[in-house]
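K.L.:
This is the structure I want to talk about, given as structure tokens.
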């Protein structure tokens, strides 16, 4: 039986920009651990295009970044907002091009807060973090305890493993129907990709 959830992943687009450095925000780890940041969010937070890809300038709906964040166009933000997922913030960011100019002010990090404790640690295959055994470094097989996911959580991250964003299948279908660039989906059973 398929999971009720899909993993939102980046879909490669020729010429799409790649983001590297996030500036203007201290303690960026809070973006990964689900800390609410909407109150007091600085107005100068920016992602910079990666210098190793100087010819890739295309701004797609979901921008590739090493932080595994959902950096979304206004159109993608509006689609997600229309479904009113709980415990999700939209944190505005500027996109800075290779010459240091503002390429766009219309993007935001779609930031799920309050991660859900839903990894089935008995059935999943993973390596725990050496410093904090409650956190997971890598997962070879992901199994969700779907009964532990509140019904109102449709767009979220998992407690202890921050690298992926889960989306309830119905919401994922609505997003997919809009044909956003840079957006793709992975079944939970297929994680991690080969």
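The values are calculated or read from the model by the stated rules, or taken from the named source; none is laboratory data. The structure presented is a predicted model; accordingly, all values stated were derived computationally and were not measured. Note that each Cβ is placed from the backbone with ideal geometry, even for glycine, and that neighbours are counted across all protein chains shown.
K.L.:
Could you figure out which of (1) surrounded by fewer than 20 Cβ atoms within 10 Å (Cβ to Cβ); (2) in contact (Cβ under 8 Å) with a residue 40 or more places away in the chain; (3) out of contact with any strand residue (DSSP E or B) (no Cβ under 6 Å at 6 or more places or on another chain); (4) farther than 17 Å from residue 117 by Cβ isn't true of residue 194?
P.N.:
Here residue 194 meets the rest and fails (2).
K.L.:
Taking interchain pairs and intrachain pairs at least six residues apart, which have beta carbon atoms under 6 angstrom, with the first residue in the range 78-103 and touching a residue at least 24 places away in the same chain (Cβ under 8 Å) and on the phi > 0 side of the Ramachandran plot and the second in a loop (DSSP other than H, G, I, E, B) and surrounded by fewer than 19 Cβ atoms within 10 Å (Cβ to Cβ)?
P.N.:
Sorted first by the residue in the range 78-103, then by its partner, the pairs are 87/113; 87/114.
K.L.:
Can you confirm whether residue 19 is in contact with a helix residue (DSSP H, G or I) (Cβ under 7 Å, 6 or more places away or on another chain), assigned to a strand (DSSP E or B), surrounded by 14 or more Cβ atoms within 10 Å (Cβ to Cβ) and touching a residue at least 40 places away in the same chain (Cβ under 8 Å)?
P.N.:
No.
K.L.:
Does the range 55-85 hold any residues that are over 19 Å from residue 153 (Cα atoms) and either within 12 Å of the chain's Cα centre (by Cα) or modelled with pLDDT under 95 (or both), and which are they? Show your work before the answer.
P.N.:
Step one: list which residues in the range 55-85 are over 19 Å from residue 153 (Cα atoms), which gives 55-68, 71-75.
Those that are over 19 Å from residue 153 (Cα atoms) and either within 12 Å of the chain's Cα centre (by Cα) or modelled with pLDDT under 95 (or both): 62, 63, 64, 65, 66, 67, 68, 71, 72.
K.L.:
Output the residues belonging to the range 127-165 that are part of a strand (DSSP E or B) and surrounded by 16 or more Cβ atoms within 10 Å (Cβ to Cβ).
P.N.:
Selection gives 136, 139, 144, 155, 156, 157, 158, 161, 162, 163, 164, 165.
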